[in-house]
Amino acid sequence: MTAHNETFTVRTHGKGTTEITREVAGIVARSGVGTGTVTVFVRHTSASLVIMENADPSARRDLEMFFEKLVPENTPWFIHTHEGPDDMPSHIRMALTRTSEVVPVMDGRMTLGTWQGIFLFEHRRDPHRREIVVSVVGE
């Protein structure tokens with residue numbers, strides 16, 4: 001059994017999705033694992049990860065707009081607003097999605113579907129640097 005871990009940083013442009021599939025695929029290739037799993041984890045409480053359509057950006061834009069309406073900023077009863085009106089909404093959006101994704105690895109490659117990609121989902125308005133930890137385990 002082999003375990004390979006790497007960390008990389010993603011610079012976001014504020015709210016929205018940033019594809020990280022290539023970076024993760026590169027780590028899987030470097031790991032030497034032929035069969036196993038890759039776990040991708042974001043080390044933040046105001047950003048998350050999603051596996052989403054990677055062919056048509058309008059699908060991701062619809063997702064982003066859905067979350068804007070689901071958890072709006074400036075909600076008057078939010079208490080945790082020390083870092084601004086997007087503070088608590090970003091934490092709720094993170095809690096409604098995921099901080100990690102697990103993808104099977106076969107023949108040394110992730111087994112994502114044809115139109116699937118791994119995306120960092122930034123929930124804050126301002127640009128941030130987000131740390132991603134990737135762990136590949138298998139044979």
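The numbers here are math on the coordinates, done by the rules we state, and not lab data. Because the structure is a prediction, the values reported are computed rather than measured. Neighbour counts run over all protein chains shown; Cβ positions are idealised from the backbone, glycine included.
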Rounded to whole Hz, the Karplus (6.51, -1.76, 1.60) HN-Hα couplings of the range 12-28, x for glycine and proline: 9, 10, x, 3, x, 10, 10, 6, 10, 4, 4, 4, 5, 4, x, 5, 4
Rounded tilt (10° steps) of 57-70 against the dominant C-alpha axis of the chain: 40
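What list do you get for L112, L49, L70 if you sort them by fewest beta carbons within 10 Å?
L70, L112, L49
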Simple Cβ-charge dipole of the chain, Lys/Arg +1 and Asp/Glu -1, about Cα centre, in debye nearest 20: 140
Pairwise Cα inverse-distance average, inverted: Kirkwood Rh of the chain (Å): 15.7
Length-normalised contact order of the range 44-139 in % [C-alpha pairs under 8 Å, at least 6 apart]: 48
Radius 12 Å from Cβ of D62, net charge of other residues (Lys, Arg +1; Asp, Glu -1): -1
Proximal charge balance of G84 [Cβ under 13 Å; K/R count +1, D/E count -1]: -2
Principal-axis tilt of helix 87-96 within the chain, Cα atoms, nearest 10 degrees: 40
Shape parameters for the range 87-135, alpha-carbon atoms, Rg then Dmax in Å: 13.7, 42
